[in-house]
Amino acid sequence: MDPPFNEMYNTLLYKQATNTENNVPEVPFSFSVTAVIEEVELPVIDVSLLMDGSEKEREKCKEDIARASREWGFFQVIKHGISMDVLEKMRQEQIRVFREPFDKKSTSEKFSSGSYRWGTPSATCLRQLSWSEAFHVPMTDISDNKDFTTLSSAMERFASESEVLAHTLAEILAEKSGRTSNFFKKNCERNTCYIRMNHYPPCPKPSEVYGLMPHTDSDFLTILYQDQVGGLQLIKDNRWIAVKPNPRALIINIGDLFQAWSNGMYKSVEHRVMTNSKIERFSTAYFLCPSYDTVIECFGDCPIYRNFSFREFRQQVQEDVKKLGYKVGLPRFINHVYY
């Protein structure tokens with residue numbers, strides 16, 4: 001059922017001690033697996049107030065969203081408009097598809113080629129290994145799917161309701177940063193976005209191997225529905241903290257494109273998923289992305305980042321991962337005219 005992690009990464013898992021220090025590639029400091037200082041609950045925001053609250057309550061809700069995006073880069077939303085029926089059906093269907101034999105999953109014709117991913121093909125040391133599998137599915141695969149299975153039906157409903165929430169949040173963040181909100185309606189159409197179903201099998205070396213390597217998201221914002229196993233961690237005040245699961249909430253996090261577009265006002269925060277030796281973990285994420293040709297323009301008199309297209313950003317990320325084993329991201333696009 002699970003991918004052949006042990007067979008593929010036998011050298012990394014059991015023979016790395018024979019490597020000399022010079023043979024281990026240099027990786028960012030955040031890749032060093034260190035003890036987490038504490039478990040915290042992310043800021044919780046009742047977004048139903050945007051529709052049902054008084055003018056004062058609506059404005060406070062918007063301010064809370066913007067503040068959390070500036071100070072944390074992460075927050076939770078409750079009463080978000082996505083029904084529990086939709087969320088639970090999504091979970092049931094993704095569990096079912098991950099229970100299929102590995103050979104069937106890896107050659108699946110449910111989605112376009114390359115949608116199914118596992119491990120870290122470029123890993124050269126334990127710190128670069130992600131002990132997980134996923135279906136990273138473009139929305140066009142779902143919208144164009146004529147074989148309307150229970151899986152595609154669940155994904156369609158999850159995506160439709162996530163799309164509404166994502167655009168609502170993006171427009172609020174645009175408003176609070178002083179930029180026009182119609183940018184997202186124009187550039188982040190449904191067929192440019194993605195859904196990712198994640199599965200983290202039990203791992204024999206949970207203290208040494210990540211479920212998902214430290215990274216930032218390469219989108220505008222992400223909506224995450226996770227189970228209650230835990231394992232998500234993020235950097236706050238230069239230290240790793242564990243996110244306490246909240247069964248009522250969805251997790252929202254700011255992506256690289258929003259950090260650049262807002263001239264650094266909103267933070268795309270590094271995060272990771274830790275493994276568990278006994279319990280598997282599931283999550284589903286919706287990524288709000290623009291078309292590849294969309295240009296991300298950093299606003300203001302002193303723009304931190306130069307203008308770049310989403311296509312250029314993705315290509316640079318892919319080149320860095322292939323060459324270095326990890327993503328560099330926004331530092332590649334700093335505007336050196338000002339820095």
**Prompt:** If you check VAL44 against the conditions, is it out of contact with any Ser or Thr (no Cβ under 7 Å at 6 or more places or on another chain) and closer than 18 Å to LEU232 by Cβ?
**Reply:** yes
**Prompt:** Which numbered condition trips up ILE296, out of (1) under 30 Å from MET155 (Cβ atoms); (2) more than 15 Å from the chain's Cα centre (by Cα); (3) surrounded by fewer than 15 Cβ atoms within 10 Å (Cβ to Cβ)?
**Reply:** (3)
**Asked** When GLY300 is evaluated against the numbered criteria (1) part of a loop (DSSP other than H, G, I, E, B); (2) over 28 Å from GLU208 (Cα atoms); (3) small (Gly, Ala, Ser); (4) touching a residue at least 60 places away in the same chain (Cβ under 8 Å), which criterion, by number, is the only one it fails?
**Response** (4)
**Request:** For PHE282, work out the one condition from (1) assigned to a loop (DSSP other than H, G, I, E, B); (2) at pLDDT 95 or above; (3) farther than 20 Å from PHE220 by Cα it doesn't fulfil.
**Result:** (1)
**Request:** Give region 306-329 a look and list any residue that's surrounded by 16 or more Cβ atoms within 10 Å (Cβ to Cβ), touching a strand residue (DSSP E or B) at 6+ places or on another chain (Cβ under 6 Å) and in a loop (DSSP other than H, G, I, E, B), or say none.
**Result:** LYS327
**Prompt:** Do we find that PRO206 is touching a strand residue (DSSP E or B) at 6+ places or on another chain (Cβ under 9 Å) and either closer than 19 Å to ARG70 by Cβ or surrounded by 22 or more Cβ atoms within 10 Å (Cβ to Cβ) (or both) in this structure?
**Reply:** no
**Request:** Sort through ALA134, ALA154, ALA123 and tell me the only one that's surrounded by 18 or more Cβ atoms within 10 Å (Cβ to Cβ) and at pLDDT 95 or above.
**Result:** ALA134
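Per-residue answers, yes or no, for (1) among the small types (Gly, Ala, Ser); (2) within 17 Å of CYS188 (Cα to Cα); (3) under 9 Å from the mean Cα position of the chain (by Cα):
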{"residue": "ASP219", "(1), (2), (3)": "no, yes, yes"}
{"residue": "LEU224", "(1), (2), (3)": "no, no, yes"}
{"residue": "ASP227", "(1), (2), (3)": "no, no, no"}
{"residue": "GLY231", "(1), (2), (3)": "yes, no, no"}
{"residue": "LEU234", "(1), (2), (3)": "no, no, no"}
{"residue": "ASN238", "(1), (2), (3)": "no, no, no"}
{"residue": "ILE241", "(1), (2), (3)": "no, no, no"}
{"residue": "ARG248", "(1), (2), (3)": "no, no, no"}
{"residue": "ILE251", "(1), (2), (3)": "no, no, no"}
**Asked** Taking helices (runs of 4 or more DSSP H) that fall entirely within region 48-108, which contain at least 3 residues that are under 20 Å from SER152 (Cα atoms) and in contact with a Ser or Thr (Cβ under 8 Å, 6 or more places away or on another chain)?
**Response** 84-98
**Item:** Test for HIS80: is it touching a residue at least 60 places away in the same chain (Cβ under 8 Å), touching a Lys or Arg at 6+ places or on another chain (Cβ under 8 Å) and within 21 Å of ARG58 (Cα to Cα)
**Value:** no
**Item:** Residues located in region 158-207, provided they are assigned to a loop (DSSP other than H, G, I, E, B), under 20 Å from the mean Cα position of the chain (by Cα) and closer than 23 Å to PHE282 by Cβ
**Value:** CYS193, PRO201
**Prompt:** Of the numbered conditions (1) within 18 Å of the chain's Cα centre (by Cα); (2) at pLDDT below 95; (3) within 17 Å of LEU212 (Cα to Cα), SER277 satisfies every one except a single condition; which is it?
**Reply:** (1)
**Extreme residue, farthest from the chain's Cα centre (by Cα), among residues of region 78-122 that are under 17 Å from ALA134 (Cβ atoms) and of a type in the set (Val, Ile, Thr)** = THR107
**Failed criterion for ILE235 (all others in (1) modelled with pLDDT of 95 or more; (2) closer than 20 Å to ILE65 by Cα; (3) aliphatic (A, V, I, L, M) hold)** = (1)
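Quick check on this structure: which one of GLU156, GLU189, GLU161, GLU175 is free of Cβ contacts under 8 Å to residues at least 60 places away in the same chain and either in contact with a Cys (Cβ under 9 Å, 6 or more places away or on another chain) or of a type in the set (Asp, Glu) (or both)?
On inspection, the qualifying residue turns out to be GLU156.
The values are calculated or read from the model by the stated rules, or taken from the named source; none is laboratory data. Since the model is a prediction, treat every value here as computed from it, not as a measurement. Every residue, glycine among them, receives a Cβ derived from its backbone with ideal geometry; neighbour counts consider all protein chains shown.
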